[in-house]
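**Q** Handing you a structure now.
Each value in this text was obtained by applying a stated rule to the coordinates, not by laboratory testing. Because the structure is a prediction, the values reported are computed rather than measured. Counting neighbours? That spans all protein chains shown, and the Cβs are built from the backbone with ideal geometry, glycine included.
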Amino acid sequence: MDRAQTDARIRGIIEPFNKKGIEISDGATFAGDFEFDSLTVMDFVAAIEDEFDIIISMNQQAEIENFGQLVDAVCKLQRD
Amino acid sequence: MSENASQPDLFSKFDPLIQQREALLASGVQDPFSLVMEKVLSPTRALCNGRETILLGTYNYMGMTFDPDVIAAGKQALDEFGSGTTGSRVLNGTYAGHRAVEEALKEFYGMDHAMVFSTGYQANLGIISTIAGKGDYIVLDIDSHASIWDGCKMGDAEVVPFRHNDIEAMEKRLKRIPEGAGKLVVLEGVYSMMGDIAPLKEMIAIAKANGAMVLVDEAHSMGFIGPNGRGVAEDQGVLDQVDFVIGTFSKSVGTVGGFCVSNHPKFEIMRLVCRPYVFTASLPPSVVATAATSIRKLMHGANKRAHLWENSRTLHAGLRALGFQLGTEVPQSAIIAVIMPDLERGAAMWEALLHEGLYVNLARPPATPAGMTLLRCSLCAEHSAEQVRTIIGMFERAGKAVGIIL
């Protein structure tokens with residue numbers, strides 16, 4: 001799966017979590033723009049993990065602040 | 001700060017909490033986090049603000065704090081060994097009493113090894129951070145206690161949480177862990193915020209099938225859950241599958257301290273490599289003496305256990321009948337969590353109960369799951385049936401006054 005495909009699938013997953021209808025761009029941050037609280041983060045991460053059959057550990061999550069970084073991380077985790 | 005306004009104040013990160021707290025106190029309620037017990041009369045009664053108060057938020061499940069044998073053992077140890085050890089367990093801090101309490105724990109759990117820490121917090125911190133290292137994976141319930149999370153943070157393992165008590169979510173994550181990596185599954189017997197128990201039998205079977213070691217924190221079950229009071233794993237018949245049981249002396253045992261018991265053949269090496277065990281002073285002799293006496297008495301506590309369960313069922317049914325929203329459908333432990341609509345009304349209800357002469361715990365985020373405010377009640381085997389009826393009446397009056405129930 002290339003980056004564009006991964007990006008599109010993550011956009012589909014984030015939709016129900018994007019309650020404020022924030023415009024999705026690589027720079028959009030989960031804490032600041034999407035205003036995800038810790039419970040939403042857990043559910044969102046679980047949805048991504050299930051979709052791509054990967055693990056995004058808490059350690060890795062700490063490095064992911066915006067949408068673009070998430071797409072990059074998921075691309076990398078699929079290759080590993 | 002005023003003389004150096006351009007420098008960032010390290011405390012500014014606490015501003016939202018400071019403001020929330022000020023707003024709460026400005027509404028006129030007493031500060032729920034600064035209560036002082038002026039005198040403790042028994043495991044279930046104390047003087048607070050000059051008023052005799054029933055204690056329903058102490059975790060003193062088995063009421064051992066005033067047991068005459070326990071107190072006598074503590075006094076004798078004070079006389080014979082002094083007030084403190086002034087040393088680490090691995091240097092000058094291991095006295096006869098420390099060995100004796102570890103022997104009592106081995107007997108209580110029927111396990112080969114026992115290691116005593118200065119607090120339960122340090123037991124989780126030490127064991128988890130030491131056994132799961134770089135490249136290993138810790139799979140844990142999202143509602144785990146702060147000491148478990150801090151143990152994860154202190155170690156170098158990859159940390160993978162799953163939704164509370166969700167067996168399938170746990171299994172999926174275990175199956176995704178790379179081949180050959182070390183795996184530790186961390187669970188609790190009783191989750192202390194809602195008072196619910198874990199489906200340990202199913203979860204441990206899956207953990208074992210996926211090659212993981214299993215650590216279970218039984219802090220809130222020791223002494224009264226399971227045929228011998230060994231906890232939820234014993235109750236569900238899977239204690240022999242648990243690699244590490246973590247527990248505390250600060251609940252049913254009635255003093256302070258923490259421990260890990262295990263059958264792992266190499267367990268004793270922990271005493272040299274576990275930093276929260278090595279780099280702190282050991283428990284005072286009086287504390288380990290009271291703990292050992294209490295643990296041995298808990299082995300024969302069947303009648304007290306039965307009465308505690310009766311108390312838990314009575315309170316759960318009584319509060320439910322009044323219309324309170326509770327953390328569990330049926331009582332699963334000695335903790336009954338009463339869910340409050342928000343922090344303001346939770347604090348008002350807490351204060352109204354205190355005026356009635358009842359102490360419960362006010363629990364709020366981030367300690368609670370899903371941002372809830374809870375009035376957490378923990379029952380004691382020494383609460384009489386009459387006290388429990390009195391407590392239900394207090395909840396009724398306070399709940400109506402604050403407008404939580406009709």
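**Q** Can you compute the label reach from B:LEU10? Point 7 Å from Cα along the Cβ direction, backbone N cut-off under 20 Å, restricted to region B:137-168.
**A** Hits in region B:137-168 for B:LEU10 at 20 Å: B:154.
**Q** Ok, one more. If you count the DSSP beta bridges with both ends in chain B, what percent of them are antiparallel, to the nearest 5?
**A** 60
**Q** Cα centroids of region B:318-392 and region B:57-97: how far apart, whole angstrom?
**A** First find each Cα centre; the distance between them is then 31 Å.
**Q** Counting only other chains, what is the mean number of Cβ atoms within 10 angstrom of the Cβ of each residue in peptide A:49-59?
**A** Taking the mean over all residues of the peptide, I get 5.
**Q** Using a 10 angstrom cutoff on alpha carbons, build the Gaussian network for chain B and name the most mobile of B:SER221, B:SER286, B:SER252.
**A** Largest GNM mean-square fluctuation: B:SER286.
**Q** Moving on. Given an 8 Å cut-off on Cα distances and at least 6 residues of separation, report the relative contact order of region B:321-360 as a percent.
**A** 27
**Q** In region B:241-272, whose amide N lies under 19 Å from the spot 7 Å out along Cα-to-Cβ of B:ASP69? List them in ranges.
**A** In region B:241-272, the label zone of B:ASP69 (backbone N under 19 Å from the point 7 Å along Cα→Cβ) covers B:249-256.
**Q** Please list, ordered by chain and number, the residues whose modelled amide H lies under 5 Å from the amide H of B:SER118; skip anything fewer than 5 residues away on the same chain.
**A** Counting only residues 5 or more places away or on other chains, the set is B:GLY258.
**Q** For region B:65-181, what percent of Cα pairs sit more than 19 Å apart?
**A** Numbers: 4317 of 6786 pairs.
Here the long-distance tail beyond 19 Å is 64 percent of all Cα pairs in region B:65-181.
**Q** Can you give me the C-alpha center-to-center distance between region B:150-220 and region B:24-49, rounded to a whole angstrom?
**A** After rounding, the separation between the Cα centres reads 37 Å.
**Q** Now for a different question. Along Cα→Cβ, 7 Å out, is where each label goes; now give me the distance between the ones at B:SER27 and B:GLU329 in nm to one decimal.
**A** 3.2
**Q** Any idea what the relative contact order of chain B is, in percent, if you count C-alpha pairs under 8 Å spaced at least 6 apart?
**A** 22
**Q** What is the count of Lys pairs in region B:69-298 whose alpha carbons sit under 24 Å apart, if the two are 8 or more places apart or on different chains?
**A** 27
**Q** Starting from region A:15-80, pick out the GluC sites (Glu not before Pro) whose DSSP state is loop and whose Cβ has at most 11 other Cβ atoms within 10 Å.
**A** In loop regions of region A:15-80 (DSSP not H, G, I, E or B), the sparsely surrounded GluC sites (Glu not before Pro) are A:GLU23, A:GLU63.
**Q** Between region B:260-291 and region A:1-24, how many Å separate their Cα centres?
**A** About 49 Å separates the Cα centre of region B:260-291 from the one of region A:1-24.
**Q** Can you list which of the GluC sites (Glu not before Pro) found in region B:307-370 are DSSP loop residues with at most 15 other C-beta atoms within 10 Å?
**A** The qualifying sites are B:GLU329.
**Q** Which residues make up the longest stretch of chain B clear of trypsin sites (Lys or Arg not before Pro) that lie in a DSSP loop with no more than 11 other Cβ atoms within 10 Å, not counting the sites?
**A** No qualifying site falls inside B:267-406, the longest such stretch.
**Q** With axes computed from alpha carbons, what is the tilt in degrees of helix A:67-79 against the longest principal axis of chain A, rounded to the nearest 10 within 0 to 90?
**A** The angle comes out at about 20 degrees.
**Q** Gain in length, B:GLN241 to B:ALA209, computed as 0.36 nm per residue apart minus the alpha-carbon separation, to one decimal in nm? Walk me through the numbers on the way to the answer.
**A** Numbers: separation 32, 0.36 × 32 = 11.52 nm, distance 1.13 nm.
Stretched out fully, the B:GLN241 to B:ALA209 stretch lengthens by 10.4 nm.
**Q** A further question on this structure: Considering every pair of different Cα atoms, what Kirkwood radius, in Å, is found for region B:69-298?
**A** Across region B:69-298, the inverse of the average 1/r is 17.7 Å.
**Q** Could you check what % of the DSSP bridge pairs in the protein assembly as shown are antiparallel, to the nearest 5?
**A** 60
**Q** Now for a separate question. Not counting the cut sites, what is the longest span of chain B without chymotrypsin sites (Phe, Trp or Tyr not before Pro) that DSSP labels loop and that have at most 12 other Cβ atoms within 10 Å? Kindly include the intermediate steps, with their values, before the conclusion.
**A** On the way: sites that count: B:PHE33, B:PHE279.
Answer from the scan: B:34-278.
**Q** Please report the equivalent ellipsoid semi-axes of chain B, computed as sqrt(5 x eigenvalue) of the Cα gyration tensor, largest first, in whole Å.
**A** Three semi-axes, in Å: 33, 27, 24.
**Q** Which helices of chain B meet both criteria: a Cα extent of 18 Å or more along the helical axis and a mean Kyte-Doolittle score no lower than 0.5, with helices taken as whole DSSP H segments?
**A** Helices meeting the criterion: B:285-298.
**Q** What value does the protein assembly as shown have for Rg/Rh, both radii from Cα atoms and Rh as Kirkwood defines it?
**A** Over the Cα atoms of the protein assembly as shown, Rg/Rh equals 0.99.
**Q** May I ask for the Kirkwood hydrodynamic radius of region B:234-390, worked out over all distinct Cα pairs and given in angstroms to one decimal?
**A** When all Cα pairs of region B:234-390 are included, the Kirkwood radius is 18.6 Å.
**Q** Can you list residues from other chains, or at least 5 along the same chain, whose modelled amide H is less than 5 Å from the amide H of B:TYR61?
**A** Residues meeting the criterion, in which the H sits 1.01 Å from N, are B:SER252.
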